[in-house]
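Colleague: Sending over a structure as structure tokens; questions will come in a sec.
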Amino acid sequence: MDGFLADLQILAPGLGTALQLAGLSLALAYVLGLVLALLVDARQRVVRIAALVVIEVGRGLPLLVILYLVYRGLPQVGFYLDPMPAAVIAFTWSIGAYASEIMRSSLNAVPPGQREAAAALGLAPRSAYRDILLPQAARIAIPPLMNLAIKAFQLTSLAYTITLSEVMQAAYLRGSVTFEYLRTFVAAAVLYAAVAIVASLLVRRFERRLHRHL
Amino acid sequence: MFQYTGYILAGVVGTVAITVAAFLIGAVLGVPLAVASRSAYRVVRWPAISVIEVFRSVPNLVWLFLVFFGLPEVGIRLGPWATAIITLGVTSSAYLAEIYRGGFSGLGQGQWLASKALGLTTWDRGRYVLAPQLARVVSPTMATYAISLLKESALASTIGVVELTFRGGLVAQRTGDGLTTFVVVGLVYLVLSLPLAYTSRRVDSRLRAKFSVG
Amino acid sequence: MSGLDTREQAVESDAFLAASGVTMRFGDHVAVRDVTLGLARGQVVSIIGPSGAGKSTFLRCVNFLEIPTAGTIRVGGTSLTVGPGTRPREKDIQPLRRKLGMVFQNFNLFPHLTVLRNVSLAQERVLGRSPAEAEARSMSLLERVGLADKASAYPGRCSGGQQQRVAIARALALDPAVMLFDEPTSALDPEVGAEVLAVMKELAGEGMTMLVVTHEMAFARDVSDRIVVMVDGAVVEAGEPHKVMSDPEHPRTRGFLSAVLGR
């Protein structure tokens, strides 16, 4: 048991790194997602297709492959990145792609009557978007985006493959020292589970409060 | 580079094999799990819900490591392939159970009431009335999950399964050309997910046209 | 008081369907209060009353779709009693359910099966009839409700009135002793509802024992042998239609009828 607690202590800093990675990537990913979601409806065909490609590739590739591409592939064209920046770029792309899908479908989920009502009232498109559509779309999008955030946190475990020193890396190292792999990885699992479960409960409570006002 | 393309492509077999095997295991195991999670008896319901929650809260990578490096300590020594298939299969059962649960609540009470009133046994109710309708409702979501499982299979490379990503990694090391290699690997994943996305969309629209709930 | 009449009838052993002392409690809310009701063979009884009076809940207690908190249901020779603390198993409920057919407000047809299969399924699975037998019986019932030509259609392609008639056929296919109707026309437009009421009227004319929860006052008055008025979960009045509807005794009945009939 003491060994287990010691494991948790050793893994804790890794948790900090993981949260850092997740937080940074998410912030950038949400922005990227919004941009992509809007670009997909752009007037110029080239822009539309480019946005679509970025989204489909970001969603279609395993995150692991994107990580390798960025960390082991980019140096060939001159971009030598440290593990953390590489991880942030890879995560931003992948998660941003999912985020853009969530935002797009949320926008489409706003009842069409809203758009019609706004037009009938004579609201200019920009105002209609800003005051009527986006707020409602945001309300629909927030819960799935929050769940995406939890998923992003869990995905940080992959960053170990590009030598980023987070939980998995720490666990593996510790395991090779103590030879108590089972205990160490259980400790890692407990850490992830604890964060994920607590976060899920908070999201669910937030969802319920959101529904109350609808 | 091109001399290695064949080697990389050979990885498709492994990737697809893992995906299909894990999906089948998950689809089957997910059923009792989902049913148990809706049981009227707390003794059955709580463990089932906890299992689903825990399996989904811990990232797949951690589970893989736990099983591969940790279980040998208690005498369970699984090879990389078996680990990958069984672990991903078991976690899939939790994700799919959650999908099945979503389908249940979408079904509504009426069907249950009517089949009960007619005197159909629990088994008949499930087989003839509830399951067929459930299957139609959850199919699209299951297809989406299958695609994400395809990408998750890349994780198996971290415990030494010689599938698509692993082969890509080897080639990248050999040739020093990470960029091209992983672009190729990425393209293969994209191509693999296309048929699944296409069939799921066709099946979905066909089912919708066939029977629209009056 | 009229309530006593029904109670006496229920105690009489020649009541074909007898519900005694049925109470249904959801937490603190008592939806059905000690309702006792008896039907003789071939009788048609309509239950009317304001929304939320517990009529549908009571009906669902009769075939144990809701397990009542207390009460006894008897159909012919089969009976089942429930008390606080006892929870009957499916096996115990089955014999009673075999004798009861139910038609729902929302039809609840199986959307993934054709009309014919909807009517045949339970015959095969519950009564063990052969597919050929079941199909023949289904077709004859569908003819009876005027929908033989819709046999291979899916419910989604049928109108509400047609769906409800199929639902009636589906319930009749099991040869129940008593038919329970839970607001069968409430989800239908008036003209379409008329088709369904016509079928129900025919059924009554053929001697089927029927317990109908309805808002259709015309049906209640013209087709029923007795009307029962439920308010707040209890029976406040019962008797022959023309008496109850033109000269009710209970003040709540008066209030309800005047609101509904505009008198």
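The values are calculated or read from the model by the stated rules, or taken from the named source; none is laboratory data. Just so we're clear, the structure is a prediction, and the values are computed from it rather than from any experiment. Please note: Cβ atoms are built from the backbone with ideal geometry, for glycine as well, and neighbour counts cover all protein chains shown.
Colleague: Among the numbered criteria (1) without any contact (Cβ under 8 Å) to a residue 60 or more places away in the chain; (2) surrounded by fewer than 19 Cβ atoms within 10 Å (Cβ to Cβ), which single criterion is violated by A:Y160?
Modeller: (2)
Colleague: Something else about it: Any residue that is over 30 Å from A:T17 (Cβ atoms) and touching a Lys or Arg at 6+ places or on another chain (Cβ under 9 Å) - is there at least one of those in the stretch A:121-130? Outline the logic, then answer.
Modeller: Pass one, the stretch A:121-130, residues over 30 Å from A:T17 (Cβ atoms): A:121-130.
Among the residues that remain, those that are also touching a Lys or Arg at 6+ places or on another chain (Cβ under 9 Å) are: A:128.
So far as the stretch A:121-130 goes, yes, one or more of its residues are over 30 Å from A:T17 (Cβ atoms) and touching a Lys or Arg at 6+ places or on another chain (Cβ under 9 Å).
Colleague: Right, something else. Give the residues of the stretch C:43-71 that are farther than 22 Å from C:S224 by Cβ, within 14 Å of chain B (Cβ to nearest Cβ) and at pLDDT 90 or above, sorted by residue number.
Modeller: Within the stretch C:43-71, no residue meets the criteria.
Colleague: While we're looking at this one, here's another question. Applying the selection to the stretch B:34-83, what residues are more than 13 Å from chain A (Cβ to nearest Cβ) and over 30 Å from C:R87 (Cβ atoms)? Show your work before the answer.
Modeller: Initial filter on the stretch B:34-83 (more than 13 Å from chain A (Cβ to nearest Cβ)): B:34-48, B:78-82.
Residues satisfying the conditions are B:L78, B:G79, B:P80, B:W81, B:A82.
Colleague: A further question on this structure: Mind telling me which of the residues B:V162, B:V129 ends up being within 14 Å of chain C (Cβ to nearest Cβ) and either crowded, with 22+ Cβ neighbours inside 10 Å or not in a helix (DSSP H, G or I) (or both)?
Modeller: Details: B:V162 fails: within 14 Å of chain C (Cβ to nearest Cβ).
Only one candidate qualifies: B:V129.
Colleague: Let me ask something else about it. Is it the case, given these coordinates, that C:V103 is among the hydrophobic types (A, V, I, L, M, F, W, C), within 10 Å of C:R170 (Cβ to Cβ), within 12 Å of chain B (Cβ to nearest Cβ) and touching a strand residue (DSSP E or B) at 6+ places or on another chain (Cβ under 9 Å)?
Modeller: Numbers: among the hydrophobic types (A, V, I, L, M, F, W, C): yes; within 10 Å of C:R170 (Cβ to Cβ): yes; within 12 Å of chain B (Cβ to nearest Cβ): yes; touching a strand residue (DSSP E or B) at 6+ places or on another chain (Cβ under 9 Å): yes.
Spelling it out, C:V103 is indeed among the hydrophobic types (A, V, I, L, M, F, W, C), within 10 Å of C:R170 (Cβ to Cβ), within 12 Å of chain B (Cβ to nearest Cβ) and touching a strand residue (DSSP E or B) at 6+ places or on another chain (Cβ under 9 Å).
Colleague: Right, something else. Just one of B:V43, B:V31, B:V51 is over 26 Å from A:Y160 (Cα atoms) and exposed (fewer than 13 other Cβ atoms within 10 Å of the Cβ); which is it?
Modeller: Details: B:V31 fails: exposed (fewer than 13 other Cβ atoms within 10 Å of the Cβ); B:V51 fails: exposed (fewer than 13 other Cβ atoms within 10 Å of the Cβ).
Just one listed residue meets the conditions, B:V43.
Colleague: Go over the candidates C:A187, C:A171, C:A194 one by one and state the one that is touching a residue at least 40 places away in the same chain (Cβ under 8 Å), surrounded by fewer than 18 Cβ atoms within 10 Å (Cβ to Cβ) and either closer than 16 Å to C:V45 by Cα or not charged (D, E, K, R) (or both). Can you show your working first?
Modeller: Values: C:A171 fails: surrounded by fewer than 18 Cβ atoms within 10 Å (Cβ to Cβ); C:A194 fails: touching a residue at least 40 places away in the same chain (Cβ under 8 Å).
Unique residue meeting the criteria: C:A187.
Colleague: Identify all residues within the stretch A:144-166 that are away from chain B (no Cβ under 14 Å) and assigned to a loop (DSSP other than H, G, I, E, B); write none if there are none.
Modeller: A:S165
Colleague: In contact with a strand residue (DSSP E or B) (Cβ under 6 Å, 6 or more places away or on another chain) and either among the basic types (K, R) or more than 9 Å from chain B (Cβ to nearest Cβ) (or both): which single residue out of C:R97, C:R74 fits that description? So that I can check it myself, show each step before the final result.
Modeller: Details: C:R97 fails: in contact with a strand residue (DSSP E or B) (Cβ under 6 Å, 6 or more places away or on another chain).
Answer to the selection: C:R74.
Colleague: Quick check on the stretch B:84-121: of everything there that is without any contact (Cβ under 8 Å) to a residue 12 or more places away in the chain and either within 24 Å of the chain's Cα centre (by Cα) or surrounded by fewer than 18 Cβ atoms within 10 Å (Cβ to Cβ) (or both), which residue is farthest from the other protein chains (Cβ to nearest Cβ)?
Modeller: Result: B:S105.
Colleague: Can you confirm whether A:A141 is under 20 Å from the mean Cα position of the chain (by Cα), part of a helix (DSSP H, G or I), in contact (Cβ under 8 Å) with a residue 24 or more places away in the chain and buried (at least 19 other Cβ atoms within 10 Å of the Cβ)? Before the answer, list the steps.
Modeller: Details: under 20 Å from the mean Cα position of the chain (by Cα): yes; part of a helix (DSSP H, G or I): yes; in contact (Cβ under 8 Å) with a residue 24 or more places away in the chain: yes; buried (at least 19 other Cβ atoms within 10 Å of the Cβ): yes.
So A:A141 passes the test.
Colleague: Please count how many residues of the stretch C:142-168 are surrounded by fewer than 21 Cβ atoms within 10 Å (Cβ to Cβ) and within 26 Å of C:A40 (Cα to Cα).
Modeller: Of the residues in the stretch C:142-168, 1 are surrounded by fewer than 21 Cβ atoms within 10 Å (Cβ to Cβ) and within 26 Å of C:A40 (Cα to Cα).
Colleague: Scan the stretch A:188-209 and tell me whether some residue there is more than 7 Å from chain B (Cβ to nearest Cβ), crowded, with 16+ Cβ neighbours inside 10 Å, of a type outside the set (V, I, T) and not in a helix (DSSP H, G or I). Write out each step before concluding.
Modeller: Restricting attention to the stretch A:188-209, the residues satisfying the condition of being more than 7 Å from chain B (Cβ to nearest Cβ) are A:190-191, A:194-195, A:198-209.
Still in the list and also crowded, with 16+ Cβ neighbours inside 10 Å: A:190-191, A:195, A:199-200, A:203.
Keeping just the survivors that are of a type outside the set (V, I, T) gives A:191, A:199-200.
When the remaining residues are screened for being not in a helix (DSSP H, G or I), the result is none.
No: the stretch A:188-209 contains no residue that is more than 7 Å from chain B (Cβ to nearest Cβ), crowded, with 16+ Cβ neighbours inside 10 Å, of a type outside the set (V, I, T) and not in a helix (DSSP H, G or I).
Colleague: Just to verify a result, which residue in the stretch C:5-42, among those that are part of a loop (DSSP other than H, G, I, E, B) and out of contact with any helix residue (DSSP H, G or I) (no Cβ under 9 Å at 6 or more places or on another chain), is modelled with the highest pLDDT?
Modeller: Of everything passing the filter in the stretch C:5-42, C:R41 is modelled with the highest pLDDT.
Colleague: Another question about this same structure. Check every one of the helices (runs of 4 or more DSSP H) wholly within the stretch C:44-143 and list those with 2 or more residues that are touching a residue at least 60 places away in the same chain (Cβ under 8 Å). Explain how you work it out, then say what you get.
Modeller: Values: elements: C:55-62, C:90-98, C:115-126.
Answer list for the stretch C:44-143: C:55-62.
Colleague: For B:I8, work out the one condition from (1) of a type in the set (A, V, I, L, M); (2) within 25 Å of A:F185 (Cα to Cα); (3) within 14 Å of chain A (Cβ to nearest Cβ) it doesn't fulfil.
Modeller: (2)
Colleague: May I pose another question? Please verify whether the stretch C:65-74 includes one or more residues that are crowded, with 20+ Cβ neighbours inside 10 Å, under 15 Å from C:V22 (Cβ atoms) and over 17 Å from the mean Cα position of the chain (by Cα).
Modeller: Looking for residues that are crowded, with 20+ Cβ neighbours inside 10 Å, under 15 Å from C:V22 (Cβ atoms) and over 17 Å from the mean Cα position of the chain (by Cα), one finds at least one in the stretch C:65-74, hence yes.
Colleague: Which of the following residues is in contact with a Ser or Thr (Cβ under 9 Å, 6 or more places away or on another chain), modelled with pLDDT under 90 and either in a helix (DSSP H, G or I) or within 30 Å of A:F4 (Cβ to Cβ) (or both): B:G30, B:G103? Give the steps one after another, and end with the answer.
Modeller: Values: B:G30 fails: modelled with pLDDT under 90.
Selected residue: B:G103, the only one of B:G30, B:G103 that is in contact with a Ser or Thr (Cβ under 9 Å, 6 or more places away or on another chain), modelled with pLDDT under 90 and either in a helix (DSSP H, G or I) or within 30 Å of A:F4 (Cβ to Cβ) (or both).
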